[in-house]
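Engineer: Structure incoming, see below.
The values are calculated or read from the model by the stated rules, or taken from the named source; none is laboratory data. Please read these numbers as outputs of a predicted model, since none were measured by experiment. Don't worry about glycine lacking a Cβ; one is built from the backbone with ideal geometry, like all the others, and counts go over all protein chains shown. Note: accessible area is taken over every heavy atom of the protein model, side chains too, but ligands, DNA and RNA are not part of it. Shrake-Rupley method; radii C 1.70, N 1.55, O 1.52, S 1.80 Å.
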Amino acid sequence: MSEKGEEGAGESLVEQIMEKLHGHGSGSDSEGEKAESSSSSVKAKVWRLFGREEPVHKVFGGGKPADLFLWRNKKISVGALVGATAIWVLFELLQYHLLALVCHGLILSLTLLFIWSYASSFINKSPPRIPEVKIPEDLIVNIALALRFEINRAFSVLKDIASGHDLRKFLAVIAGLWAVSVMGSCCNFLTLFYIVFVLLHTVPVFYEKYEDKVDAFGERAAIEIKKQYAVFDEKVLSKIPRGPLKAKKH
């Protein structure tokens, strides 16, 4: 009987040790899960440029324009960039004019189509099929509504800035307009448009590739800008006398 009791006690002791080991293992697993969840939450809270919370592709709309600027389809992106470069070279370097280009293109197209249609009756071949081109009414209405919405929003932002409620936004807009005016005085509208088009084809894809490094640098730059603005506010802006501002109507 004593031997059986010793064996039962040994088995119970082994079971207790195994339970402790399993409990410790499950605890370590839970700790690992907690560590992973905490690390994922830290990753989710990483500082992004301009307060971005979505992927770069979604920021650009997530459609064909985003695919174009982020080089999802390299053939289309290269074609758009080459076409824009050809237009800029044609009008800027060769000093060609838009009206002359349109007229010459119509002259060439109408001449070729007229000769083909006239000669088809003599050579027993079918005349060219000229498609009927019509601009849909819905397209023009949608474009007009979109332009109306953006223009009204721009007017609303300008009114809010001019009302004197946000000094930081006022200074940022003034600096931006001044920079655009300097660029406009150095080059014409076509060159400026081409520069913006090239930047849209290079900067977003570069940022998407190195977004972690760029965001880290941007975070340091934002902290430094805030420090300098605080010093400027304390030494200059705070000493400017301000009249009483009326509360905004909600």
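Engineer: Please get the size of the charge dipole for the range 89-180, origin at its Cα centre, with Cβ charges of +1 on Lys and Arg and -1 on Asp and Glu, quoted in debye to the nearest 20. Display every interim value, and only then the final one.
Structural biologist: Working: 8 positive and 7 negative charges, 12 e Å.
In debye, rounded to 20, the range 89-180 gives about 60.
Engineer: Round to the nearest 0.05 the FRET efficiency obtained for ALA86 and VAL231 when R0 = 41 Å and r is the Cβ-Cβ distance.
Structural biologist: Details: r = 49 Å, r/R0 = 1.19.
So, using R0 = 41 Å, E works out to roughly 0.25.
Engineer: So if each residue of separation counts as 0.36 nm, and I subtract the Cα-Cα distance between SER109 and ASN73, what length gain in nm does that give? Can you show the working numbers first?
Structural biologist: Numbers: separation 36, 0.36 × 36 = 12.96 nm, distance 3.08 nm.
So the chain would gain 9.9 nm between SER109 and ASN73.
Engineer: At 7 Å along Cα-to-Cβ for each site, give me the label-to-label distance between LYS169 and LYS64 in nm.
Structural biologist: Label at LYS169, label at LYS64, 3.4 nm between them.
Engineer: Diagonalise the Cα gyration tensor of the range 133-223 and give the resulting equivalent ellipsoid semi-axes, square root of 5 times each eigenvalue, largest first, whole Å. Mind dumping the intermediate values first?
Structural biologist: On the way: eigenvalues 168, 111, 59 Å².
Semi-axis lengths for the range 133-223 are 29, 24, 17 Å.
Engineer: According to a simple spin-label model (label point 7 Å from Cα along Cα-to-Cβ), what is the distance in nm between VAL214 and LEU158?
Structural biologist: 3.0
Engineer: Which of the pairs LYS74/LYS213; LYS159/LYS226; LYS213/LYS239; LYS134/LYS159 have their Cα atoms more than 28 Å apart in this structure? Kindly include the intermediate steps, with their values, before the conclusion.
Structural biologist: Numbers: LYS74/LYS213 25 Å; LYS159/LYS226 25 Å; LYS213/LYS239 38 Å; LYS134/LYS159 40 Å.
Distance filter (> 28 Å) returns LYS213/LYS239; LYS134/LYS159.
Engineer: While we're here: Any idea of the accessible area per residue across the range 110-176, 1.4 Å probe, to the nearest Å²?
Structural biologist: Numbers: 6100 Å² over 67 residues.
Here the residues of the range 110-176 average 91 Å² of exposed surface.
Engineer: Could you please tell me the mean projected area of the C-alpha convex hull for the range 87-162, averaged over all directions and given in square nanometres to one decimal?
Structural biologist: With every direction weighted equally, the projected area is 9.4 nm².
Engineer: I've got another one for you. For the range 126-233, which trypsin sites (Lys or Arg not before Pro) are both in a DSSP coil and crowded by at most 14 other Cβ atoms within 10 Å?
Structural biologist: When the trypsin sites (Lys or Arg not before Pro) of the range 126-233 are filtered for loop state and at most 14 Cβ neighbours within 10 Å, ARG129, LYS134 remain.
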